[in-house]
1. In the set Ala14, Ala48, which member is crowded, with 23+ Cβ neighbours inside 10 Å, in contact with a Ser or Thr (Cβ under 9 Å, 6 or more places away or on another chain) and not assigned by TED's automatic domain parsing to the domain that holds Glu407?
2. Is it the case that Arg108 is modelled with pLDDT under 95, under 30 Å from Ala14 (Cβ atoms) and either among the charged types (D, E, K, R) or under 27 Å from the mean Cα position of the chain (by Cα) (or both)?
3. In region 228-248, how many are touching a residue at least 60 places away in the same chain (Cβ under 8 Å) and either under 18 Å from Arg185 (Cβ atoms) or in contact with a Pro (Cβ under 7 Å, 6 or more places away or on another chain) (or both)?
4. Of all residues being surrounded by 24 or more Cβ atoms within 10 Å (Cβ to Cβ) and touching a Phe, Trp or Tyr at 6+ places or on another chain (Cβ under 6 Å) in region 139-164, which is farthest from Cys36 (Cα to Cα)? Just the residue, please.
5. Please identify the pairs in which a residue from region 211-222 that is more than 17 Å from Glu174 (Cβ to Cβ) has its Cβ atom under 6 Å from the Cβ atom of a residue that is in a helix (DSSP H, G or I) and not aromatic (Phe, Trp, Tyr), counting only partners at least 6 apart or on another chain.
6. Yes or no: region 269-283 includes at least one residue that is assigned to a loop (DSSP other than H, G, I, E, B), of a type outside the set (Val, Ile, Thr), surrounded by 21 or more Cβ atoms within 10 Å (Cβ to Cβ) and within 28 Å of the chain's Cα centre (by Cα).
7. In region 18-45, what count of residues is obtained for those that are closer than 30 Å to Glu116 by Cβ and surrounded by 21 or more Cβ atoms within 10 Å (Cβ to Cβ)?
8. Limited to region 142-180, what total is found for residues that are closer than 26 Å to Ser82 by Cβ and of a type in the set (Val, Ile, Thr)?
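The values are calculated or read from the model by the stated rules, or taken from the named source; none is laboratory data. Everything numeric here is computed off the predicted structure, so don't read it as measured data. Every residue, glycine among them, receives a Cβ derived from its backbone with ideal geometry; neighbour counts consider all protein chains shown.
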Amino acid sequence: MIVIGSGPAGGIVARKCAEAGLSVAVVERNGWGGVCPLRGCEPKKILADTAHAVVRARDMAAHGVTGDVGLDWPALMRFKHSSIDPISDAVFRSFERRGAATFHGAARFTGPDTLEVEGHGSIGADRIVVAAGAVPRRLDVPGEELLLTSDDFLDLDPLPESLIFIGGGFISFEFAGVAAAAGARATILHRSGRVLKGFDESLSRKLVLAMEAQGVAVHTDLPVRAVERHGDGVLVRCADADGGERTFVASAVVEGAGRVPDLDGLALDRAGVQAGPHGIEVDANLRSISNPRVFAAGDCAATGLPLTPVAALQADAVVRTLTGKGPATADLTGTGAVVFTHPPLSAVGRLEEQAREQGFEFDIFEGDAAGWAEHERLGLSHAGYRVLVERGTDRILGAHYLGQHAEEIANIFGLAIRHNLTRADLLAHPWAYPSFGYTVRYMLG
């Protein structure tokens with residue numbers, strides 16, 4: 001078998017199939033390890049955690065924390081490189097230890113089960129798993145070549161004095177918060193009126209207020225028309241709601257409009273592999289709907305959830321199928337998503353509008369959480385929650401939270417959703433106190 005891509009999905013498939021005795025080849029055109037550890041989750045979290053520490057210290061100035069806390073950007077970049085740079089070699093050696101063949105170069109299909117790999121020639125296999133990941137989305141506007149990608153931002157040194165982030169999703173919010181904590185002037189420009197689609201709208205609005213309090217300017221309903229050089233900086237032209245134009249200038253502009261499946265250049269048509277804007281079309285077993293010899297997993301599969309834990313579960317399902325334990329599916333029930341801002345924002349399960357569209361009858365337990373002792377002692381002034389509980393069954397349909405440790409709150413409610421725990425079950429649990437786990441009782445009481 002051949003695996004295209006060595007990230008969380010491809011790496012798991014390659015290693016586990018090799019351990020099971022299959023003949024495995026791995027093809028990678030970028031760094032070994034893929035997007036998450038090299039250009040995504042891991043380096044992003046290094047920056048976000050450092051920024052969080054700085055902003056948290058500033059929040060607690062009234063609680064006795066003294067001194068002018070700042071962020072040394074060059075030092076942060078050195079630490080990031082010391083942590084991230086060794087990963088590629090470690091991933092490469094993990095394949096070697098298991099006897100998998102490795103090919104570094106761009107791959108393209110030449111037939112239903114054959115590939116041409118740049119610098120290596122033609123290879124073929126009974127099964128091919130496409131786990132090519134995703135790349136930054138590019139804007140189709142004049143001057144687009146002047147924009148930095150999210151990958152570029154992770155390697156900026158020095159940090160520009162001012163930055164504009166185009167797009168109102170994860171990337172822009174997380175990186176704008178980091179930039180502001182480091183002393184840069186940060187601005188977010190979003191084309192529509194709602195930022196952070198996929199998260200609770202009311203909590204997203206609270207997060208915008210928190211970001212603005214940290215010095216991040218957030219502008220909505222401003223689609224970008226063009227980008228131009230402006231002296232030593234960059235000018236962004238936006239259309240406003242009245243048919244006019246607004247302009248913004250910064251030292252650098254980052255495209256933060258998300259990622260798209262990295263399928264360009266694979267020549268999927270030569271293999272008869274059907275794909276759309278969201279990735280390779282697959283069935284429940286992650287097999288191509290048009291070529292049964294090809295599987296897809298992770299961000300390049302059209303499954304709707306481009307998240308690392310999803311990629312890992314999909315990879316496990318592909319492994320079970322390919323090693324004769326399947327056909328297998330990936331159960332994604334209870335998958336949480338988190339924006340690592342200060343404070344972080346999380347979502348798991350259904351949004352309110354989704355639950356209504358699906359015909360559920362439910363109660364909403366909601367409130368402002370800034371007054372909790374857990375947040376007051378941290379100096380956190382923007383926090384809240386909304387939990388959807390089904391009438392009749394008492395099951396958790398969705399949980400949405402803005403506040404400290406949002407990622408762990410999502411994990412708690414995700415586990416409850418996955419295993420059909422009820423509101424009563426969660427209230428009956430003896431949570432450690434004081435802890436943020438205990439706040440589940442505040443939310444559901």
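1. Sole residue among the options that is crowded, with 23+ Cβ neighbours inside 10 Å, in contact with a Ser or Thr (Cβ under 9 Å, 6 or more places away or on another chain) and not assigned by TED's automatic domain parsing to the domain that holds Glu407: Ala14.
2. Against the criterion (modelled with pLDDT under 95, under 30 Å from Ala14 (Cβ atoms) and either among the charged types (D, E, K, R) or under 27 Å from the mean Cα position of the chain (by Cα) (or both)), Arg108 does not qualify.
3. 4
4. Ile164
5. Pairs that qualify, where the first residue is more than 17 Å from Glu174 (Cβ to Cβ) and the partner is in a helix (DSSP H, G or I) and not aromatic (Phe, Trp, Tyr): there are none.
6. Among the residues of region 269-283, not one is assigned to a loop (DSSP other than H, G, I, E, B), of a type outside the set (Val, Ile, Thr), surrounded by 21 or more Cβ atoms within 10 Å (Cβ to Cβ) and within 28 Å of the chain's Cα centre (by Cα), which makes the answer no.
7. 15
8. 3
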